[in-house]
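FYI, it's all coordinate maths here, none of it is from the lab. The model shown is predicted, which means the values in this text are computed figures rather than measured ones. Positions of Cβ are backbone-derived with ideal geometry, glycine not excepted, and every protein chain shown enters the neighbour counts.
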Amino acid sequence: MAASHRRSHSGLVLDLEEVSVDDVATVGGKAANLGELIRAGFDVPPGFCVTTEAYRRAVRGSAVESGTITDAAAARAAVLDAAFPDEVADAVRDAYMRLEPEGGPVAVRSSATAEDLPGTSFAGQQDTYLDVAGVDAVLDAVHRCWASLWTDRAVAYRAAQGIDGAGVALAVVVERMVDAESAGVLFTADPVTGRRGQAVLDAARGLGEAVVSGAVDPDHFVVDTTTGRILGRRAGGDGDPAASVTDAQVRALAALGDRVERAFGSPQDIEWAIDAEGRAWLTQSRPITTLFPVPVRDAPLPAAYTRIYFCVSLAQGLHRPLTPMGIAAFRVIGSGFLDLIGRRPARIADGPGAFAIGGDRIFVDATPVVRSAVGREIMPRALDVMEARSAVVLRGLFDDPRFSVLPRSRRRFVRGLLHLAVRIRLPLIIGQALFSPAAAQRRVQRLAREVRARDIPAGGDIPTRVDGVIDLLFRAMPLAPRSLPGAVVGFGMLGLAARLLRGSTQPGDLQTVLRSVPENVTTQMDLELWDVAVRARRDAESAAALRTRTPADLAATYLAGTLPRVLQRAMANFLARYGHRAVAEIDLGMPRWAEDPAHLFGVLSGYLRLGTDAATPAQHFAAGARDAEAMVDTLVGRARRRSRLRAAAVRFCLRRARALVGMREMPKYLMITAMRRARAELADIGVGLAAAGRIADAEDVFFLDFDETKRAAAGTDMRATVRERRDRYDAELRRRHVPRMLLSDGTEPEAVGTGAASDRPGALRGTPASAGTVTAPARVILDPVGAHLEPGEILVAPSTDPGWTPLFLTAGGLVMEMGGANSHGAVVAREYGIPAVVGVARAIDTITTGIEVTVDGASGVVTISAADA
């Protein structure tokens, strides 16, 4: 009967048991998932699906089909005004009478083609109608479901997900109503903490729609799906959880959800109903799209051992995902570090065994560190200054019995440290920094020249050239730690000064000492970009180009060599020095500014919006240096009240701190310099692979890793692999929240702990980063490329890297989710003299663009104005 049904109605209506995930374009996500549930043997109310072809026939010839309507209300009206096609009405009528010969009640539910798929969840965006009885009522409900594709909320959600509304279509599911005694929603993983294996169940008497819509206060249960134990319960509106479901039913539903999760291969958001006979029916199942993927190690460990994963890429200021080639490069760099401590891996391209990948981000297994007495001493202290909020979260795990300290020898750690000290000549470098900062700076500049001089041997086939890239990155890694000790000594001197001055400083005093420090390559870059803006402003033709043309157009014109002469020459000089830098520059797969300078032109256009009478960044920088020197004198004077010897020691420490901490940017800068040559080689390889048809475009080479690039050279067609990875990468770009730390059971420790609010209403607490107070409108930016920041606005960002810092020049203040007092964003903010608070948990979720906030960089408090709180 199903086959004749399909033929007679030309694909307008399909029975649910006929459809699968392969039919999403025809039946939408909801229907496809129901079909998969039926195929897997689960109890699903019988029903049918009115396909997307029926919707397209209904809107054929209308302005909705042509895509000329952009207003949601007008689009809804156009759909409702369209005549219901006779052939569709006949198909629905026949299917309904087959399902309910007596005209019984059914549920009529929207099923969008982009719905309930990995990375998106359109739950609640389109309409559902329950207890619909009779053919005419069913046809009317189908028509209204079609129109709900154009609700304001659905249109807004599609826009936020980057989905083109012109191509969407809607199917409609018609299911027999379950005469529900109780119903509700089941999450097979905790949607708040992320913990897998812990089901969360909401239940109420009657229909589940009341639970989904929030119309009732449901009974709430938390269940361990491994043991079936009910871990927690909370009574709903009537105060008696037993009124909706029994404990046996709770455990059975949790076990049912566990089976559904295994069938779909990912945690699920399930709607269920229990009828008068106690039979459980599944009325919907979709992926829980808000969960962050659990990081996966190359060498998995037994599931019995819970692991702690720390997000390395986020700590490096990279909120966005990494390309596969970027991850591959990180592995090689990680192998270079292991080589420095005497633990070189058997295969360099594999990287450290502790690496794990989740959501296209790099995590490292920090469990051995936490379970080590030495690790507990060192890692949190390092995070205190670089990523303070992570230090708090990490210390919160110390009392967890799963991560107790193991009784092991410290020899392994000491041996690695000694090996590193010998390889990079650590005592010599430290001594040089203490006695002659100028000599230390000259040594670091020699390292930079050495990196720039390194190359890949010319010629050879593609596998040989790929091996050359690996070797370049591996050999460049040891140069980076050789540039770091000077900055570490500088921060150490600042810490020693703080101890000598204990009781004699005010909040923000020591931060002021670090304003406008010399020898910071990122600060120098930003000031040189400002000089480009100054030159352009003085030239009428260049200024007009920046004010009237788009960044993309300016970039294309620059690459063609036809910008106004002054702007062309100034930008060419800048890119000759800094063209190897970029936003998200630690990702080898990201285009460098020399390849695509559109972001820089957007920043330059923003600089020109700064009033001519406003203080320039160069003036701010000079003023910061004067303030810092004055503060040094002030602090030395305070120390002199206690003794001349103490005053001399404070002066020495503070002078050394100012002379050395600017070099903190050099390790990353050296690696980025090495990446320039590596990226150029891979880009050229990509041209050859694209010409051979192994990838669709030369840039696709960065969506392969090193081994896959070699396989492509050997003849493997990688186009389908690249398409799949690009789709996943694009979905990850839209992810707003990336956890600092994640356990292997999916739990995000920070979500379990307390929030970041201070004791003041409307306030968020973070780490003081740059002294000063400013009140201004906020601008939340997730990606600086193409971002618009008005002069004086407060920049609110998840994290930053050097590619963001040109925006700092005109920002009024900085609020950042990541970072500590000496993280990259904090250092640059201090040097520019803008108030900054970093390490503010959930800042981008709490603060919205346009609201007025006050940033107190000395106390570490961000306050949302009372009008907006």
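What is the list of residues in region 593-617 whose amide nitrogen lies under 13 Å from a point 7 angstrom out from the Cα of Asp531, following Cα to Cβ? The answer is none. Distances between placed amide hydrogens fall under 5 Å for Ala189 paired with Val200, Gln268, all partners being 5 or more residues away or on another chain. At what distance in angstrom do the alpha carbon centres of region 597-631 and region 409-477 lie from each other? About 34 Å separates the Cα centre of region 597-631 from the one of region 409-477. Mean residue ellipticity at 222 nm, helices only, the chain: -14000 deg cm²/dmol; runs of at least 4 DSSP H residues each add -39,500 (n - 2.57), and the sum is divided by the number of residues. In terms of the mean number of neighbouring beta-carbon atoms within 10 Å, the peptides 654-660, 858-864 order highest first as 654-660, 858-864. When each of the peptides 101-110, 701-710, 488-497 is scored by how many other beta carbons lie within 10 Å of its residues on average, the order from highest to lowest is 701-710, 488-497, 101-110.
The local environment of Gly35, defined by Cβ-Cβ distances under 11 Å, has a net charge of -4 under the rule Lys, Arg +1 and Asp, Glu -1.
Which parts of region 644-670 would a label at Arg502 reach, counting a residue when its backbone N lies under 15 Å from a point 7 Å out along Cα-to-Cβ? Those under the cut-off are none; the list is empty. The Cβ shell under 14 Å around Val513 holds other residues with a net charge of +3, Lys and Arg each +1, Asp and Glu each -1.
For Met97 and Ala691, the difference between the fully extended length at 0.36 nm per residue and the C-alpha to C-alpha distance is 208.1 nm. Given R0 = 60 Å, the distance between the Cβ atoms of Leu559 and Asp399 translates into a calculated FRET efficiency of 0.60.
Extension gain, Asp717 to Glu852: 0.36 nm times the residue separation minus the Cα-Cα distance gives 43.3 nm. Each of Arg454 and Asn573 was given a label point 7 Å from its Cα along the Cα-to-Cβ line. The distance between the two points is 3.1 nm. Computed from the C-beta positions of Ala540 and Ala304 and an R0 of 60 Å, the FRET efficiency is 0.25 to the nearest 0.05.
Potential lengthening of the chain between Arg640 and Leu418 amounts to 76.0 nm, from the contour at 0.36 nm per residue minus the alpha-carbon distance. Under the simplified labelling scheme, the Arg411-Arg726 pair shows an inter-label distance of 5.4 nm, with each label point 7 Å from Cα along Cα→Cβ.
Membrane-span-like helices in the chain (whole DSSP H runs, Cα extent of at least 27 Å along the helix axis, mean Kyte-Doolittle hydropathy of at least -1.0): 617-640, 666-691. The order of the peptides 358-371, 72-85 by mean Cβ neighbours within 10 Å, most packed first, is 358-371, 72-85.
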